[in-house]
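The values are calculated or read from the model by the stated rules, or taken from the named source; none is laboratory data. In this text, all values refer to a predicted model and were calculated from it rather than measured experimentally. Ideal geometry is used to build each Cβ from the backbone, glycine not excepted, and the neighbour counts take in all protein chains shown. Surface accessibility is based on the protein's heavy atoms, side chains included, excluding ligands, DNA and RNA. Shrake-Rupley method; radii C 1.70, N 1.55, O 1.52, S 1.80 Å.
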Amino acid sequence: MVVSVEISGLLEERLRRLVDLGLYASVAEAVREAVRVFLRSLDLRDVAFNLYVHRDATLQYAAEFAGVTYEVMMDYMISRGVMPAVGVVSESDVEKLEPGVYVLDGLTLYTAYRSGLVEVMRDMRSEGYTFLAPSSLESFTFVLEAQRVREGFRAIRVVDFVEAPQPEGRLGGRLISRQEGEAVAYARERGAVLLSDDARTRAVAREAGVKALSLASVLVTQAPVLGDRLAELAYSYKGIPALLPDDLLQLHG
């Protein structure tokens, strides 16, 4: 991205003096360095937090903006007294899934791997469920798989990666990350369901005409066959932390 900045007066004079002294090759280089120093002086987590609270940014956008993991961003938000809207926030976020195509975003891949729901999703693939994600998330998924292996679990690949279109314009009036936009756009293009554990991403998708559900729908769908594992998986899911009403699983378990 090219950004034009008009500089004049004393500021321009000082920058040119720095160039004349040989400290920078050009005024443009001096400006780039000034911007880098400015960004380093900011607490990007704090800026991202304010974008989430005051600008309706999604959690995924906030984490990407701050340059931190979802876990770090959520921990920071909780330390500031704000519980991120992750998981099930309303009855419309969960339902039993029918075999078909489901598109996942980054946060949902994270919750699937961290909670162990990838094991359930692996079994669902043989029952006619297809899980897809934008190709921009492929390297991120490799990291999640590597973390799982380091923790002593077997590597599991549950999603296929697809080339997803960039959405035209701004979706839903919210600040969303590029990969979220790709996931929503692909789900809309294919007439698929978006599985997202970011409540604000679901809102964007629904405004775009896409059906969007929480990953907890996987638990509800497979509850009858999970037996004792249901409580264990629910506990792991809540520990992310993700919201999951107790009565929801009591109803389906």
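The table below gives the values:
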| item | result |
| --- | --- |
| Residue list for segment 98-151, restricted to those being of a type in the set (Val, Ile, Thr) and without any contact (Cβ under 8 Å) to a residue 40 or more places away in the chain | THR130, THR141, VAL143, VAL149 |
| Unmet criterion (only one of (1) over 30 Å from VAL218 (Cβ atoms); (2) not in a helix (DSSP H, G or I)) for ARG14 | (2) |
| Flag for ARG188 being basic (Lys, Arg), over 24 Å from VAL53 (Cβ atoms), open to solvent by 10 Å² or more (accessible area, probe 1.4 Å) and assigned to a helix (DSSP H, G or I) | yes |
| First in segment 200-225 and open to solvent by less than 10 Å² (accessible area, probe 1.4 Å), second anywhere and among the β-branched types (Val, Ile, Thr) and not in a helix (DSSP H, G or I), Cβ under 6 Å, 6 or more apart | THR201/THR58; VAL204/ILE176; SER214/VAL88; SER214/VAL94; ALA216/VAL88; ALA216/VAL94; SER217/VAL94; VAL220/VAL94 |
| Residue within segment 56-63 that is open to solvent by 60 Å² or more (accessible area, probe 1.4 Å), in contact with a helix residue (DSSP H, G or I) (Cβ under 9 Å, 6 or more places away or on another chain) and at pLDDT below 95 present | yes |
| Set VAL53, VAL31: member being over 28 Å from LYS238 (Cα atoms), among the aliphatic types (A, V, I, L, M) and not in a loop (DSSP other than H, G, I, E, B) | VAL31 |
| Any hit, segment 242-252, residues being charged (D, E, K, R), over 21 Å from VAL118 (Cα atoms) and at pLDDT 95 or above | no |
| Subset of segment 172-182 that is in contact with a helix residue (DSSP H, G or I) (Cβ under 8 Å, 6 or more places away or on another chain) and assigned to a helix (DSSP H, G or I) - its residue that is surrounded by the fewest Cβ atoms within 10 Å (Cβ to Cβ) | ARG178 |
